[in-house]
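Notes for the one structure printed next.
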Amino acid sequence: MNAKKQGLGRGLNALLENTETDITGKNAPPLFSVAEIPISDIEANPFQPRENFNDKELDELVESIKVHGLIQPVTVRKMGYGKYQLISGERRTRAAIRAGLEKIPAYIRVADDQGMLEMSLIENIHRENLNAIEIAISYKRLIEECNLKHEDVATRIGKDRSTVTNYLRLLKLPVEIQVAIRDQQISMGHARCLIGIEEPEVQLHLLKLIIEEDLSVREVEELARQSKDELIEVKPQAPEKKKTEKPEKIIALEKELSEKTQLKIKIKIKKQGKGELILPFNSEEELESITRILNRE
């Protein structure tokens, strides 16, 4: 055995030497990756400190998983023979089973790799294409799985402690809002406004307004100052915006497209160059006609 392999550590070394349990074997997901793993291949953690779970919260999570899937992956370690042991995510795993899932997303580790896990998470955090929820999940994993405090995480990633705390607070928002953040339907600024509201129903009501009315962060801040009754029962309209004049070239394009399709086509212009092309139809025949036009070469 060479010196380099001895440096891996006795437990990891044993796994890599055994072809039947080799993590790097054929078709095995790579370490420190997220993979879809059959729940039947995941065994419970015998050292799980939490035994009691709130039934109502578990039921709510089950319904959420049925609609959105499992947003936050669990963490497992490779045990050999195609089996894994749960490290964190007992509640999510139970809910996934009750929701009827056969596979769940999981981070894959080996037993004695604390330092490697920490380095991998920190390296992942500094990727440019991570969304805010992915960053928040990475911070949470550093705290829970590497036994770090908020201050320790901030020091390791070169950020202020308040930055770490603000990201972690995103994971306390309703799952619908987390999905909207992940899919970049709302910004981090919008999310901060929603975090300051205690009632989940108010948060979700404002989320709907943000998306449907294309509200700015300042407009959401103004709405967030209203009372719960004003926001939910009165159903406030979004703050009045200045009407943007539609450019002549857009009007001309609407007319051209309408003439070609024999439909009243509208082009809606939003902020920052975004917009919508609206193709109305009154029957399946008209829809098929639109499809044929779009498929022309």
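Selection of region 205-226 for residues being open to solvent by 40 Å² or more (accessible area, probe 1.4 Å) and in a helix (DSSP H, G or I) yields His205, Lys208, Ile211, Glu212, Glu213, Val217, Arg218, Glu221, Glu222.
Only residues that are touching a strand residue (DSSP E or B) at 6+ places or on another chain (Cβ under 8 Å) and open to solvent by less than 40 Å² (accessible area, probe 1.4 Å) were counted across region 140-183, and they come to 2. Among the residues in region 153-172, are any in a loop (DSSP other than H, G, I, E, B), out of contact with any Ser or Thr (no Cβ under 8 Å at 6 or more places or on another chain), under 30 Å from Ile108 (Cβ atoms) and modelled with pLDDT under 90? Yes, that holds for at least one residue. Can you tell me which residues in region 182-196 are at pLDDT 90 or above and of a type in the set (A, V, I, L, M)? Hits for region 182-196 are Ile186, Ala191, Leu194, Ile195. Is at least one residue of region 274-292 touching a helix residue (DSSP H, G or I) at 6+ places or on another chain (Cβ under 6 Å), open to solvent by less than 100 Å² (accessible area, probe 1.4 Å) and modelled with pLDDT of 75 or more? For region 274-292, residues touching a helix residue (DSSP H, G or I) at 6+ places or on another chain (Cβ under 6 Å), open to solvent by less than 100 Å² (accessible area, probe 1.4 Å) and modelled with pLDDT of 75 or more: absent.
Of the residues making up region 81-91, one or more are in a strand (DSSP E or B), polar (S, T, N, Q) and modelled with pLDDT under 80.
The values are calculated or read from the model by the stated rules, or taken from the named source; none is laboratory data. Bear in mind that the values here come from a model prediction, so they are computed numbers and not experimental data. Note that each Cβ is placed from the backbone with ideal geometry, even for glycine, and that neighbours are counted across all protein chains shown. In case anyone asks, the SASA skips ligands and DNA or RNA and just uses the protein heavy atoms, side chains included. Shrake-Rupley method; radii C 1.70, N 1.55, O 1.52, S 1.80 Å.
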